[in-house]
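> Right, I'll just put the structure down here and ask away after.
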Amino acid sequence: MPPDEAAARTRSIYTAHRRAGQRLYKKIDSTLRGNWAAEVAALRPLAGLAIVAPAHPALGRTVSGGNVYIGGQALADTGLWKLEHAHRPAAIDAQLQEAGLETGTLDGDSLRDEPEALAERIQALASHGVDALVVDARHEQTLRTLALAMTHSPLPFFWVGSGGLAREIAALEASPAATGFAGLQPPPGPTLVLVGSLSAVTDRQCAVLRDSGPVRELVVPPVVLRRGPLHVEWQSLHARIGELLGAGTDLLLRIGREQALDPSEGALLAEALAKLVGVHFAKIGALIATGGETARAMLVEARIDSLELLAELQTGVAAGVPRHGRAHRPYIVTKAGGFGGERTLYEAWHRLRLSQPRAPE
């Protein structure tokens, strides 16, 4: 959406659902994609001070000097940022200031073992008219201390963060029993690995999966996806996907690269990729989808509107099943396209394969 529309939608949703005594957590992407700053600005008059901490150290996302780093590399220098947002400032405070907010910064790492001192510093900065406080964090302990410091704060504020801070806040409330999950038991059938992300990280993960396991790969050229059923290769690709999945073959299906691919086409290409799978989705026992647009497109195509989460295979790699009431309930594993190590995709596939009943070979 245009930023002003995203801001209005966010404000409307919060106004409709807020309750007395309830704290707001504004989830954002750890690499600052999307209209997050405009949305935070829309929430500020309603929810108080924005405490902005998008770091997720367990995934190699850290914040230092108000800038995001991915595996030690500045966000602005990554291929991911250059591909999608080269025209925008990458600094957290710069994006917030563009949205009209007065910002402040806090070195959370220097107080990562002092929750009371951290709470006092936040209170002091808030009293100086700061709208959004950007917190540097290179360690999980920093996020843990930040969550603890603000648990009982009387200060009107809301959280702005990725999954990293969310985990620490949730852990303060979780009982030991709530941290476990049921053992994985995917239904019989092949695993479809659906890849729409064009990040270099995903490219390496696909290479490891292809080279390490008995997985067939089909790469679909973007030109086929743009034209859909009108393209001469569409029907043959659709049939080939059905043949492989029907034979019980695990399949890596991904969007190919082009020299001048427009990132704004992401949703369109993902929807076409999902339609190419189409009715063959009913043959699978598990889906691994990497790239948020890709996962959404496939679930919409399969008419799956909600998931029951079962497990976290790795940090940031979630597994679930469609809610009850469906005859076909494959395991659904989702992973953001731009994070993880080279073996992340392979390890998710391998975990499912070990848990899944297979016909004798």
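> So for the range 218-225 (the condition being at pLDDT below 95, more than 20 Å from ALA295 (Cα to Cα) and either of a type outside the set (Phe, Trp, Tyr) or touching a Gly at 6+ places or on another chain (Cβ under 7 Å) (or both)), does at least one residue qualify?
So far as the range 218-225 goes, yes, one or more of its residues are at pLDDT below 95, more than 20 Å from ALA295 (Cα to Cα) and either of a type outside the set (Phe, Trp, Tyr) or touching a Gly at 6+ places or on another chain (Cβ under 7 Å) (or both).
> Next up: Taking the range 305-359 on its own, how many of its residues are hydrophobic (A, V, I, L, M, F, W, C), modelled with pLDDT of 90 or more and touching a Phe, Trp or Tyr at 6+ places or on another chain (Cβ under 9 Å)?
3
> I've got another one for you. Just for the range 254-276: of the residues that are within 20 Å of ALA207 (Cα to Cα) and among the basic types (Lys, Arg), which one is modelled with the highest pLDDT?
Only one residue tops the list, namely ARG254.
> Among helices (runs of 4 or more DSSP H) lying entirely in the range 92-204, which contain 3 or more residues that are modelled with pLDDT of 90 or more and either of a type in the set (Lys, Arg) or within 28 Å of GLN73 (Cβ to Cβ) (or both)?
Where helices (runs of 4 or more DSSP H) fall fully within the range 92-204 and carry at least 3 residues being modelled with pLDDT of 90 or more and either of a type in the set (Lys, Arg) or within 28 Å of GLN73 (Cβ to Cβ) (or both), they are 92-98, 140-149, 163-173.
> Select from the range 266-291 the residues that are under 18 Å from the mean Cα position of the chain (by Cα) and crowded, with 21+ Cβ neighbours inside 10 Å and list them in ascending order.
GLY266, ALA270, LEU287, ILE288, ALA289, THR290, GLY291, listed by residue number.
> Turning to a different aspect of this structure: Six or more apart or on different chains, Cβ under 6 Å: which pairs go from a residue in the range 240-257 that's without any contact (Cβ under 8 Å) to a residue 40 or more places away in the chain to one that's surrounded by 17 or more Cβ atoms within 10 Å (Cβ to Cβ) and not aliphatic (A, V, I, L, M)? Could you list them?
What qualifies is ILE241/HIS280; GLY246/LYS283.
> Is it the case, given these coordinates, that ILE70 is among the β-branched types (Val, Ile, Thr) and modelled with pLDDT under 95?
yes
> Determine whether the range 18-26 contains at least one residue that is crowded, with 20+ Cβ neighbours inside 10 Å and under 21 Å from the mean Cα position of the chain (by Cα).
No, the range 18-26 contains no residue that is crowded, with 20+ Cβ neighbours inside 10 Å and under 21 Å from the mean Cα position of the chain (by Cα).
Every residue, every condition in (1) touching an Asp or Glu at 6+ places or on another chain (Cβ under 6 Å); (2) closer than 22 Å to ALA267 by Cβ; (3) among the hydroxyl-bearing types (Ser, Thr, Tyr), yes or no:
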{"site": "MET150", "(1), (2), (3)": "no, no, no"}
{"site": "VAL160", "(1), (2), (3)": "no, no, no"}
{"site": "PRO187", "(1), (2), (3)": "no, no, no"}
{"site": "SER197", "(1), (2), (3)": "no, yes, yes"}
{"site": "ASP203", "(1), (2), (3)": "no, yes, no"}
{"site": "PRO229", "(1), (2), (3)": "no, yes, no"}
{"site": "ILE241", "(1), (2), (3)": "no, yes, no"}
{"site": "LEU244", "(1), (2), (3)": "no, no, no"}
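The values are calculated or read from the model by the stated rules, or taken from the named source; none is laboratory data. Keep in mind that what you see is a predicted model, and the values were worked out from it rather than measured. Counting neighbours? That spans all protein chains shown, and the Cβs are built from the backbone with ideal geometry, glycine included.
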